[in-house]
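Just below is one structure, and these are the notes that go with it.
All of the numbers you see were taken from the coordinates with simple rules; none came from a lab. As the structure is a computational prediction, the values presented were derived from the model and not from experiment. Positions of Cβ are backbone-derived with ideal geometry, glycine not excepted, and every protein chain shown enters the neighbour counts.
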Amino acid sequence: MHSHTLRARVLVAAAALAPLMVMATPVPAAAQPEIITPGVLRLPAQNANCPTGFLCLYRDVGYSGGGVAVNSGRALNDFRALDFNDEMSSWINETAARYCWYPDINYSGTRFAMRAATTSEAVNLENNDTASSAEPC
Ligand SMILES: [Ca+2]
C-alpha cells in the first residue's frame, strides 16, 4: 500500500514536470546569413538554405560549406572581394531570372547558365572551383 502510494506520487510529479521539460528544450536556431553589402549575403557553413529571391553559390558540392547569396537582379563582378574566388562547387537559383557564372572576373571567359528556379548539386569537374563572377544574363 505504501509503495503503491509512493509510485503514484512519483508519476504525478513526473507528469507535472513534463510540460516544463518540453518548454526547456532548446530549439535549434536556423543558421542566419550575414549581410556583406545590401543584397549580398554570406551563407553560413552549416544549414545554409537559399532564401527566396536569391542566387546562392556554395563552396562545396551538395549546397554545403557555406558561400555567397546575391539578391535577384544584382551582379557580382569579382568574387575575390567576397573571399569566394575559385571556390564554387554547387549553386541554387531561387530567383525568377537566368544568371550566368564566369571563370574570370568582370564576366570574362566562357559563361555557364544558371536558369531560373534550377539547381546544380555539383558543377562539372573541369569547372569546379573556377567561378570568379556572376550576373543576370
Ligand atoms: Ca576563376
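Table for the structure above
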{"item": "Compactness of the stretch 32-137 as Cα Rg over 2.2 N^0.38 Å, two decimals", "result": "0.91"}
{"item": "Potential extension, Leu125-Ala75 segment - 0.36 nm per residue separation minus Cα distance", "result": "15.6 nm"}
{"item": "Environment charge at Glu87 (Cβ cut-off 14 Å; Lys +1, Arg +1, Asp -1, Glu -1)", "result": "-2"}
{"item": "The stretch 61-77 - phi-based ³J(HN,Hα) in whole Hz, Karplus 6.51/-1.76/1.60, Gly and Pro as x", "result": "5, x, 6, 10, x, x, x, 9, 10, 10, 5, 3, x, 7, 10, 10, 7"}
{"item": "Within-13-Å neighbourhood charge of Tyr58 [Cβ basis; K, R +1; D, E -1]", "result": "-3"}
